[in-house]
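Q: First the structure, which I've put down as structure tokens, then a few questions once you've had a look.
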Amino acid sequence: MKTKRWMATCVVALLSVAAVLAKDIRVVVFKVSQMHCEKCEKKVKDNMRFEKGLKDIATEVKARLVTITYDAEKTNVKKLQAGFNKFKYEAEFVKETKKGDQKTDKK
């Protein structure tokens, strides 16, 4: 009886781990024309880090690009784009990819 209970516990634990690992992590790139210096870069990073579901944010000042890694179960591209509007910046959608799949463009 103890063996069956232990086996059942292990199966439940494995299924729980699989569910956690199956998160839908995506990467979106925005072009932000107002971001032209280090202060602007800091403003973007400081304000966007509070958006729900955001995992990572990277910027390229010269190209005026912001790359955001996010959990698609908690947010989406439109909500992230609206996050820029909160601090009066316009973000133009460039592309979105699923984490690990760098070839998929959605426009």
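Q: Would you confirm, using the coordinates I've provided, whether VAL44 is buried (at least 16 other Cβ atoms within 10 Å of the Cβ), among the aliphatic types (A, V, I, L, M) and under 12 Å from the mean Cα position of the chain (by Cα)?
A: Judged against the criteria, VAL44 is not a match.
Q: What pairs come up if the first residue lies in segment 53-82 and is under 16 Å from LYS42 (Cβ atoms) and outside any strand (DSSP E or B), the second is open to solvent by 50 Å² or more (accessible area, probe 1.4 Å) and not aromatic (Phe, Trp, Tyr), and their beta carbons are under 8 Å apart, counting only those six or more places apart or on different chains?
A: Close Cβ pairs satisfying both conditions: VAL61/HIS36; VAL61/GLU38; ARG64/LYS31; ARG64/SER33; ARG64/HIS36.
Q: While we're on this one: Within segment 16-27, identify whether any single residue is loosely packed, with under 15 Cβ neighbours inside 10 Å, modelled with pLDDT under 95 and touching a strand residue (DSSP E or B) at 6+ places or on another chain (Cβ under 9 Å), and answer yes or no.
A: There is at least one residue in segment 16-27 that is loosely packed, with under 15 Cβ neighbours inside 10 Å, modelled with pLDDT under 95 and touching a strand residue (DSSP E or B) at 6+ places or on another chain (Cβ under 9 Å).
The values are calculated or read from the model by the stated rules, or taken from the named source; none is laboratory data. Keep in mind it's a predicted model, so treat the numbers as computed, not measured. Note that each Cβ is placed from the backbone with ideal geometry, even for glycine, and that neighbours are counted across all protein chains shown. The protein model used for the area step is the full one, side chains on, heavy atoms only, and it has no ligands, DNA or RNA in it. Shrake-Rupley method; radii C 1.70, N 1.55, O 1.52, S 1.80 Å.
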